[in-house]
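Let me begin by presenting the structure, written as structure tokens, before commenting on it.
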Amino acid sequence: MQCHMITAECLKNPNKPQYDGGIVVNPELNDGDKGWTSLGNAELQIRRSDTGNGFAVANRRNQSFDSISQDLGANKRWGDATVVATFKTPTGYYDAAATKAKSGCWSMLKGGLIVNESRTAHLYFQSENPSINIWIDSVSLQPFTEEEWKSHQYQSIEKVRKSKVRIQAVDDEGKPLENQTITIQQKFAKFPLGCAINKNILNNQAYQNWFTSRFKYTTFENEMKWYANEPIQNCEDYSDADALLQFTKSHGVSVRGHNVLWDDPKNQPSWVPNLQPPQLAVAANKRINSVVRRYSGQVITWDVVNENVHFNFFESKLGNTASSKFYAMARALDRNVALFLNDFNTLETPGDQRGTPDSYLSKIREIRSGGYRGTLSIGLEGHFRQFNIPYMRSAIDKVASSRLPIWITELDVAAGTNQAAVLDQVLREAHAHPEVNGIILWSAWSPKGCYRMCLTDNSFRNLPTGDVVDKIIHEFFGTTVTATTDANGFYDTSLVHGDYQLSFAHFDRYQPEEKDTKSPRISRDFKVEASEDILHIKISAK
């Protein structure tokens, strides 16, 4: 239904429109200006390239919205410049996608929006740079019902998160056990789903019980950040981070290291902004050596320079290669972990031009051009204020064109009447996407309230958001199946990738009345991994 592939490369000619254009009239501009009109003061021109490709040009632009547009029936999209696809509806303007278009080639723009009304919508393309002409070709727009979208999520999960398993139960003579009741219990899910914690958990048994019964992955909310570890220059304090790490180790919980440095000028230790560049370089190098060396081998990832797509505190003072050098230092100190970029609004807000997938990819290229050649991974924070699942999918598609691992690192949803419902859809979309390798919820508890989204009240009774998380855990991360074998002792199913225990109660075939009191329980451990082949498991009473 929905192709996940998208390229960030410049193309000599645009690709063919998906779905033959869907509901867009004249998507390849081969029928002149049929279906298209000018918007604002722009002049609409239809041109053809040397290869015969037809395209539209928004010429003589004076304002950002001067463009070409098309009216669409909607039921319950630049020298170099950022171009945004926007829908104008009776209730307002909605950005659906953005791309950094380059002069001399074609750039792909992919996105979408949720429509809650049956009205005419106006699709147009805009850029804040009015001096450039916008060229448009191969336009597609395909509507999907909510049921169709959920069906695609289900198909994707079945394909990328599960594998087919065939189980056979036999007796001690190797004969199939017909109508045998078997139990399949998941012991560990391969896909990481976690939740942030903070120091409030250290002396709160109820918080500990609630967290450890659900999660095997976490991020410390603030306790590993520079301003927490060195609030006064040369006076380091790792006591809270050390205590949290001891707690997580004792419960088998893996930790993401967050964060080594933060590029936001507002989130530095109070003494850092006043440093001159030479002193800042020394302090930053000391910080990297201190925290990464201290926790080397004890965390599974590092957010090395946090939010350096949006901000450039270190680059502005130390030069454009600052982040590249920091990643190289971290890599030398902890060679066996993934090093992440981590930033916000790439998934959540199509209108934030500083956080677009193109901006993220540009930062990756900048770090590489600065000389860093080691491991890199993509952290997409996911602080959702708005709700646009189609855009979320397309944004992941585009950053995935980098071929780098992707995690959703700080997932939460702003308060509102539909907060729990939105959380459910966001979690399912993230889990269903084949390029997402892990999810961390940003819901560390505090008696004064969570950052933006709590999962429990102060007595650790689930809120509606907590019920959503438990439902997802039960569905994908804590599977227990009770089933009955067929006439040949077989049971066929598909299971989420992870570690399992298979068991059944064996009893003498001539004394079934004793099966509940005297029967030994036969069990076997097995793993389910990604494979196109069916995994065959035989469990015997022998």
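Cβ-Cβ contacts under 9 Å between residues 6 or more apart (or on different chains), taken from a first residue in segment 471-498 that is among the polar types (S, T, N, Q) to a second residue that is in a loop (DSSP other than H, G, I, E, B) and surrounded by 14 or more Cβ atoms within 10 Å (Cβ to Cβ), are listed as 484/180; 485/177; 485/180. Give segment 124-183 a look and list any residue that's open to solvent by 60 Å² or more (accessible area, probe 1.4 Å) and touching a helix residue (DSSP H, G or I) at 6+ places or on another chain (Cβ under 6 Å), or say none. Across segment 124-183, the qualifying residue is only 142. Of all the residues in segment 6-54, those that are open to solvent by 50 Å² or more (accessible area, probe 1.4 Å), within 26 Å of residue 120 (Cα to Cα) and within 32 Å of the chain's Cα centre (by Cα) number 5.
Across segment 49-79, the qualifying residues are those that are in a loop (DSSP other than H, G, I, E, B) and either under 30 Å from residue 149 (Cα atoms) or among the acidic types (Asp, Glu) (or both), and the one among them that is modelled with the highest pLDDT is 66.
Among the residues of segment 113-123, those identified as in contact with a strand residue (DSSP E or B) (Cβ under 6 Å, 6 or more places away or on another chain) and open to solvent by less than 50 Å² (accessible area, probe 1.4 Å) are 113, 115, 121, 122, 123.
Checked against the criterion of being surrounded by 19 or more Cβ atoms within 10 Å (Cβ to Cβ), among the polar types (S, T, N, Q), under 19 Å from residue 329 (Cα atoms) and out of contact with any helix residue (DSSP H, G or I) (no Cβ under 6 Å at 6 or more places or on another chain), the candidates 248, 219, 301 yield just one match: 301. Do we find a residue being buried (at least 21 other Cβ atoms within 10 Å of the Cβ), out of contact with any Ser or Thr (no Cβ under 8 Å at 6 or more places or on another chain) and either under 24 Å from residue 192 (Cβ atoms) or acidic (Asp, Glu) (or both) anywhere in segment 320-335? There is at least one residue in segment 320-335 that is buried (at least 21 other Cβ atoms within 10 Å of the Cβ), out of contact with any Ser or Thr (no Cβ under 8 Å at 6 or more places or on another chain) and either under 24 Å from residue 192 (Cβ atoms) or acidic (Asp, Glu) (or both).
Criterion applied to 465, 517, 479 was being modelled with pLDDT under 95, open to solvent by less than 80 Å² (accessible area, probe 1.4 Å) and over 21 Å from residue 170 (Cβ atoms), and the one residue passing it is 479. Within segment 251-263, track down each residue that is on the phi < 0 side of the Ramachandran plot and open to solvent by 10 Å² or more (accessible area, probe 1.4 Å). Of everything in segment 251-263, those that are on the phi < 0 side of the Ramachandran plot and open to solvent by 10 Å² or more (accessible area, probe 1.4 Å) turn out to be 251, 253, 254, 262.
Quick check: is even one residue across segment 144-159 under 30 Å from residue 15 (Cα atoms) and outside any helix (DSSP H, G or I)? Yes, the conditions are met somewhere in segment 144-159. In segment 86-97, is there at least one residue being under 28 Å from residue 7 (Cβ atoms), in contact with a strand residue (DSSP E or B) (Cβ under 9 Å, 6 or more places away or on another chain) and of a type in the set (S, T, N, Q)? Checked against the condition, which is being under 28 Å from residue 7 (Cβ atoms), in contact with a strand residue (DSSP E or B) (Cβ under 9 Å, 6 or more places away or on another chain) and of a type in the set (S, T, N, Q), segment 86-97 yields at least one hit. Of all the criteria given as (1) out of contact with any Asp or Glu (no Cβ under 8 Å at 6 or more places or on another chain); (2) under 30 Å from residue 488 (Cα atoms), the one not satisfied by residue 188 is (1). Residues that are open to solvent by 50 Å² or more (accessible area, probe 1.4 Å), farther than 30 Å from residue 400 by Cα and at pLDDT below 80 do not occur anywhere in segment 80-89. Counting only residues that are open to solvent by 10 Å² or more (accessible area, probe 1.4 Å) and among the β-branched types (Val, Ile, Thr), segment 276-298 holds 1 of them.
The values are calculated or read from the model by the stated rules, or taken from the named source; none is laboratory data. The structure presented is a predicted model; accordingly, all values stated were derived computationally and were not measured. Cβ sites come from the backbone with ideal geometry, for glycine too, and all protein chains shown count toward neighbours. The area values use the complete protein model at the heavy-atom level, side chains included, leaving out ligands, DNA and RNA. Shrake-Rupley method; radii C 1.70, N 1.55, O 1.52, S 1.80 Å.
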